[in-house]
Amino acid sequence: QSAAVGDLTVITKYALINNQETGNVLSAGLVIRTPTAGVLRFMDAQNQRTLAQPQINDVNLQPFFGYTYNLTQNLFVQGFHSVTVPTSNIDVIFMSNDVGLGLWMFRQPEGAFVQGIVPTVEIHINTPFSNRQPGPVIMEDQVSLTTGAYVLFPRSSIGGAVGIPFSGLHTIEAIASYQLRF
């Protein structure tokens, strides 16, 4: 049995627009992923030998902007757009675009138990600018549709989502989350 710590990621963000009356927000920032983790080693089925993996210990810089725009009191659009630039030419330079639509089905900010229920649907598009041909690292265009919902409580939220790929190397993915605010 072993334990490991992954790469350290630093996220900076600033709200360029944060309208308290409308709830509309435009933010920008920079994600810096540093190679602080060890090298992943994958063993064959008999645990006899290490399978070859490209060793990439580069820094990734990811400038981004994101937004939430309220179309009506209950309907909103949200998005996240970024470009990931590695410091090694072995790794992939790519653009990510995510745009979603959400609906407040129930909202009672002062509620004693459930304060909100919010289903969402999003489209995710990843477009590589490099490494489209076979090599140590390859990335294809990726498009997926994600749908999920969140239930908001006074100090926490619980949610889940399912992502369905239309193109690329992905398979169906699911996530469940719980957040506690303290």
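When V121 is tested against (1) more than 24 Å from V162 (Cβ to Cβ); (2) under 23 Å from the mean Cα position of the chain (by Cα), exactly one condition is not met: (1). Of I125, I164, I93, I138, all but one fail to be among the aliphatic types (A, V, I, L, M) and closer than 30 Å to T22 by Cβ; the exception is I125. Residue pairs whose Cβ atoms lie under 7 Å apart, sitting 6 or more positions apart in sequence or on different chains, and linking a residue in region 41-70 that is in a loop (DSSP other than H, G, I, E, B) to a partner that is open to solvent by 100 Å² or more (accessible area, probe 1.4 Å) and at pLDDT below 65, are Q53/L40.
A count restricted to region 1-38 and to residues that are open to solvent by less than 60 Å² (accessible area, probe 1.4 Å), farther than 29 Å from L75 by Cβ and modelled with pLDDT under 95 stands at 5. Restricting attention to region 166-182, the residues that are surrounded by 14 or more Cβ atoms within 10 Å (Cβ to Cβ) and within 15 Å of the chain's Cα centre (by Cα) add up to 1.
Taking region 113-171 as the range and being of a type in the set (A, V, I, L, M, F, W, C) and under 18 Å from L75 (Cβ atoms) as the test, the residues that pass are I117, V118, V121, I123, A149, L152.
I'd like to verify a number: residues in region 88-104 that are of a type in the set (D, E, K, R) and without any contact (Cβ under 8 Å) to a residue 40 or more places away in the chain, how many?
Qualifying residue count for the region: 1.
With respect to the stated conditions, V114 fails to be within 20 Å of the chain's Cα centre (by Cα) and of a type outside the set (S, T, Y).
The values are calculated or read from the model by the stated rules, or taken from the named source; none is laboratory data. None of these values were measured; they are calculated from a predicted model. Here Cβ is always computed from backbone atoms with ideal geometry, including for glycine, and neighbour counts include all displayed protein chains. Please note that ligands, DNA and RNA were not included when accessible areas were found on the heavy atoms of the full protein model with its side chains. Shrake-Rupley method; radii C 1.70, N 1.55, O 1.52, S 1.80 Å.
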